[in-house]
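Here it is, the structure in full.
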Amino acid sequence: MTRKTRTHTDIYSRVTDQIVAELEKGVRPWIKPWNAEHAAGRITRPLRHNGEPYAGINILMLWASASAQGFAAPIWMTYRQAAELGAHVRKGEKGSPVVYANKLTRTEIDDDTGEESERAIPYMKGYTVFNVDQIEGLPSHYYAKAEPRFDPPARIDHADRFFSALGADIRHGGTQAYYAVGLDYVQMPPFETFRDAESYYATLAHECTHWTRHSTRMERDFGRKRWGDEGYAMEELVAELGAAFLCADLELEPDVRDDHAAYIASWLKALKNDKRAIFTAAAHAQRAADFLHKAQPEG
């Protein structure tokens, strides 16, 4: 095994083991790993020092780290980035891992024909970032406390506009929330039956993430054959993560749905059997969230 392969394995194992440990406690690390005190947002994806949001597996990694250490700020940066801003990481602070994925292009020559071809080789490397709560001397806006940016009606209107722009067939009635892939529609209980508005939108985000799997959209298929099998559980994990990402973007608190607690055992099995499974699920969830964002009108 090469050093690069060992490094990749270590990253996959470290992240997966961290998430498995939380799931074994009955805790889904993508549910409410944030704090309401920072001006960058009551609920948000983790942000780089320049305000650019992290994506995919890095969201889960930094949410988990923020939750474990009680950070109020969603902003992260490297040691060097802090130094460039005239600040310094406090002595004794431990950084949090994130990963960077890219592709190398290699020219290969066919032994028989002598023809050259280009092959993309994916690779991943890890690096360390620190939360701004661990850094001293940053410009004041990195530490700014929150002020209300939307009143409740405006926040709900914002979510309504987002989901309306998708063009999805969203039906209301009954007592169950689900996506019917054969007929391609989302079924939701009536709005007034939810305990609060955010529970409704969080559930809708989950089902609309499922909606992206249709063959006319992202054509996502994990080989699910029946309810509760590994393919089914994997799709549910993608929908859970996709909903968490969307709720962060829309500043909505994700709902902890009791009916999904049964999936934890299946997720644990999948993650323990395949150290790359959570990376795969997070990547699919990110693509689904991006797809839904791209459906929004510009401006």
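Going residue by residue through region 278-288, is there one that turns out to be at pLDDT below 90 and among the β-branched types (Val, Ile, Thr)?
No, there is no match, as no residue in region 278-288 is at pLDDT below 90 and among the β-branched types (Val, Ile, Thr).
If you don't mind, another one. Filter region 105-134 for residues that are out of contact with any Leu (no Cβ under 9 Å at 6 or more places or on another chain), surrounded by 10 or more Cβ atoms within 10 Å (Cβ to Cβ) and not in a strand (DSSP E or B) and give the result.
Matches in region 105-134: 133, 134.
Restricted to region 149-176, and to residues that are more than 23 Å from residue 296 (Cα to Cα) and among the small types (Gly, Ala, Ser), which residue is modelled with the highest pLDDT?
Filtering first and then ranking leaves 173.
Looking at the structure I just gave you, is residue 233 exposed (fewer than 13 other Cβ atoms within 10 Å of the Cβ) and either in a helix (DSSP H, G or I) or modelled with pLDDT of 90 or more (or both)?
no
To continue, here is another question. Going by what's in this entry, would residue 138 be described as modelled with pLDDT of 85 or more, in a loop (DSSP other than H, G, I, E, B), out of contact with any Cys (no Cβ under 8 Å at 6 or more places or on another chain) and not assigned by TED's automatic domain parsing to the domain that holds residue 279?
yes
Quick grid of which residues meet (1) crowded, with 20+ Cβ neighbours inside 10 Å; (2) in the same structural domain as residue 145 (by TED's automatic domain parsing); (3) in contact (Cβ under 8 Å) with a residue 60 or more places away in the chain; (4) more than 14 Å from residue 139 (Cβ to Cβ):
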position: 56; (1), (2), (3), (4): yes, yes, yes, yes
position: 59; (1), (2), (3), (4): yes, yes, yes, yes
position: 78; (1), (2), (3), (4): no, yes, no, yes
position: 81; (1), (2), (3), (4): no, yes, no, no
position: 85; (1), (2), (3), (4): no, yes, no, no
position: 88; (1), (2), (3), (4): no, yes, no, no
position: 91; (1), (2), (3), (4): no, yes, no, yes
position: 94; (1), (2), (3), (4): no, yes, no, yes
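Considering each residue of region 1-39, count those that are in a loop (DSSP other than H, G, I, E, B) and either modelled with pLDDT of 85 or more or surrounded by fewer than 18 Cβ atoms within 10 Å (Cβ to Cβ) (or both), and give that number.
Matching residues across region 1-39 total 10.
The values are calculated or read from the model by the stated rules, or taken from the named source; none is laboratory data. Here the structure is a predicted model, which means the values were calculated and not measured. Positions of Cβ are backbone-derived with ideal geometry, glycine not excepted, and every protein chain shown enters the neighbour counts.
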